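The values are calculated or read from the model by the stated rules, or taken from the named source; none is laboratory data. On a predicted model such as this, the values are computed, not experimentally measured, just so you know. Cβ: placed from backbone, ideal geometry, glycine included. Neighbour counts: every protein chain shown. Accessible surface is based on the protein model in full, side chains and every heavy atom, while ligands, DNA and RNA are left aside. Shrake-Rupley method; radii C 1.70, N 1.55, O 1.52, S 1.80 Å.
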Amino acid sequence: EVIEYLQEKGYSDEAVAGITANIEVETGGTFDYKEKEKGKGTGEGLFQYTGSMKNSYKDYLKSNKKKDSIESQIDFMDEVVKGTWEPGLANIERGILKSELFSGKFSPDRIAESFNSIFEKGKLETDYGNRKDVALGIYEELK
């Protein structure tokens, strides 16, 4: 469902693999949009939103009269990356991430790493796996 929705939104296979790898690692492979962060963290959802991003997502839902769902979380991420929803990312971060997601010049593992460092701001490697390796595996399945 996540892959199909990202593809419907026009993301390339490389970008789909990089983003989906982050979702897989963030949710521990459940792809559950209601996933709660394990331990003492406050992260929620596909992207494990916390802090100001979590608050911004809640404002997004309210402003757009949407309910929390896989589609809403991906739509929010898409708007933050494209700069059509504020607050989100700093302009320089957004520019770098947009270039990597939409230029067609970057590999899935590079996109996974950049998406993590700019959007997720998480660890590249977790107990679940390495986002770059997961992205390459997803990309191979997409071919």
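Tabulated data for the structure shown
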item	result
Per residue accessible area of the chain, 1.4 Å probe, in Å²	52
Residues with amide H under 5 Å from that of TRP85, placed H, sequence gap 5 or more	VAL80
Within a Gaussian network of the chain (alpha carbon springs, distance under 10 Å), most fluctuating of GLY51, GLY43, GLY95	GLY51
Per-selection Rg to Rh, the chain - Cα, Kirkwood hydrodynamic radius	0.93
Solvent-accessible area, 1.4 Å probe, carbon plus sulfur percent, for the chain	48
R0 of 35 Å, Cβ-Cβ distance LYS36-LYS105: FRET efficiency to nearest 0.05	0.45
Fully extended contour minus Cα-Cα distance, from GLN7 to GLU140, at 0.36 nm per residue	46.3 nm
Heavy-atom accessible area order for ASP109, ASP68, largest first, 1.4 Å probe	ASP68, ASP109
Residue of ASN91, ASN116, ASN130 that the Gaussian network model of the chain assigns the largest fluctuation, springs spanning Cα pairs under 10 Å	ASN91
Estimated distance in nm for a label pair at LYS123 and ASN64, the labels positioned 7 Å out from Cα along Cα-to-Cβ	3.1
Value of [θ]222 nm, deg cm²/dmol, for the chain, DSSP H segments ≥ 4, -39500 (n - 2.57) each, nearest 500	-17000 deg cm²/dmol
